[in-house]
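Colleague: Please read through the structure below; I'll follow up with questions.
The values are calculated or read from the model by the stated rules, or taken from the named source; none is laboratory data. All values reported here derive from a predicted model rather than from experimental measurement. All Cβ positions, even for glycine, are placed from backbone atoms using ideal geometry, and neighbour counts span all protein chains on display. Note: accessible area is taken over every heavy atom of the protein model, side chains too, but ligands, DNA and RNA are not part of it. Shrake-Rupley method; radii C 1.70, N 1.55, O 1.52, S 1.80 Å.
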Amino acid sequence: MCHRLQILIALTLFAFPVQAAGPGRQATGIFERKEDGYEQGVVVKASGASGYVAEFSVGSRGCGGGVTMKGRSTGPRTILFSKTENGQTCRIMARYSPDLRSVALEEDGCLAWHGASCEFQGTLTRKGR
């Protein structure tokens with residue numbers, strides 16, 4: 001009986017992978033960064049039981065862009081957003097500060113969504129909910 005219980009537990013763990021506990025609804029809000037004509041923003045909203053949707057924007061002289069993508073928690077203060085379109089995948093890792101008042105963005109493969117002179121990267125400060 002004990003052996004069967006161990007097998008059942010092991011099968012359950014593989015069948016239902018545990019999702020990383022994320023920042024929850026506190027991650028939602030409006031975050032911005034403005035300096036010397038360079039503007040970045042992201043609006044993060046809850047989507048479903050444990051997902052997120054974010055609208056990223058960036059603009060500077062001669063460059064600008066935006067993208068809306070879905071995200072999922074990958075750690076206690078991190079959300080990975082991604083979007084694939086026309087064979088290209090844009091990923092943005094959002095790392096929240098311990099007090100959730102700012103978010104540091106790191107992008108990968110997002111050139112098609114903003115151009116060569118700007119990026120969805122840097123630390124943005126919370127401006128509202």
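Colleague: Of all residues in the range 118-129, count the ones that are in a loop (DSSP other than H, G, I, E, B) and farther than 15 Å from residue 35 by Cα.
Modeller: So the answer is 1.
Colleague: Here is a further query. Among the numbered conditions (1) exposed (fewer than 13 other Cβ atoms within 10 Å of the Cβ); (2) within 14 Å of the chain's Cα centre (by Cα), tell me where residue 106 comes up short.
Modeller: Every listed condition holds for residue 106 apart from (1).
Colleague: Hey, any hits in the range 97-111 for a residue that's in contact (Cβ under 8 Å) with a residue 40 or more places away in the chain, over 17 Å from residue 22 (Cα atoms) and in a loop (DSSP other than H, G, I, E, B)?
Modeller: Looking through the range 97-111, at least one residue is in contact (Cβ under 8 Å) with a residue 40 or more places away in the chain, over 17 Å from residue 22 (Cα atoms) and in a loop (DSSP other than H, G, I, E, B).
Colleague: With the requirement that a residue be modelled with pLDDT of 85 or more and exposed (fewer than 10 other Cβ atoms within 10 Å of the Cβ), what does the range 1-36 give you?
Modeller: 35, 36
Colleague: If a residue has to be within 17 Å of residue 43 (Cβ to Cβ) and in contact with a Lys or Arg (Cβ under 9 Å, 6 or more places away or on another chain) to count, how many in the range 55-79 make the cut?
Modeller: Result for the range 55-79: 6.
Colleague: Also, I was wondering about something else. Anything in the range 37-53 that is aromatic (Phe, Trp, Tyr) and crowded, with 17+ Cβ neighbours inside 10 Å? List them, or say none. Quick ask: steps written out before the conclusion?
Modeller: Narrowing the range 37-53 to residues aromatic (Phe, Trp, Tyr): 38, 52.
If the condition is that a residue be aromatic (Phe, Trp, Tyr) and crowded, with 17+ Cβ neighbours inside 10 Å, then 52 is the only one that fits.
Colleague: What is the residue count in the range 87-99 for residues that are under 13 Å from residue 112 (Cβ atoms) and either at pLDDT below 95 or open to solvent by 40 Å² or more (accessible area, probe 1.4 Å) (or both)?
Modeller: Taking the range 87-99 as the starting set, the residues that turn out to be under 13 Å from residue 112 (Cβ atoms) are 87-91.
Checking the rest, the ones that are also either at pLDDT below 95 or open to solvent by 40 Å² or more (accessible area, probe 1.4 Å) (or both) come to 87-89, 91.
Adding up the residues that qualify gives 4.
Colleague: For the list (1) in contact with a Phe, Trp or Tyr (Cβ under 7 Å, 6 or more places away or on another chain); (2) open to solvent by less than 50 Å² (accessible area, probe 1.4 Å); (3) farther than 20 Å from residue 35 by Cα, I need the number of the one condition that residue 56 fails.
Modeller: The failed condition is (3).
Colleague: Considering each of 123, 74, 84, 78 in turn, give the residue that is among the β-branched types (Val, Ile, Thr) and open to solvent by 80 Å² or more (accessible area, probe 1.4 Å).
Modeller: 84
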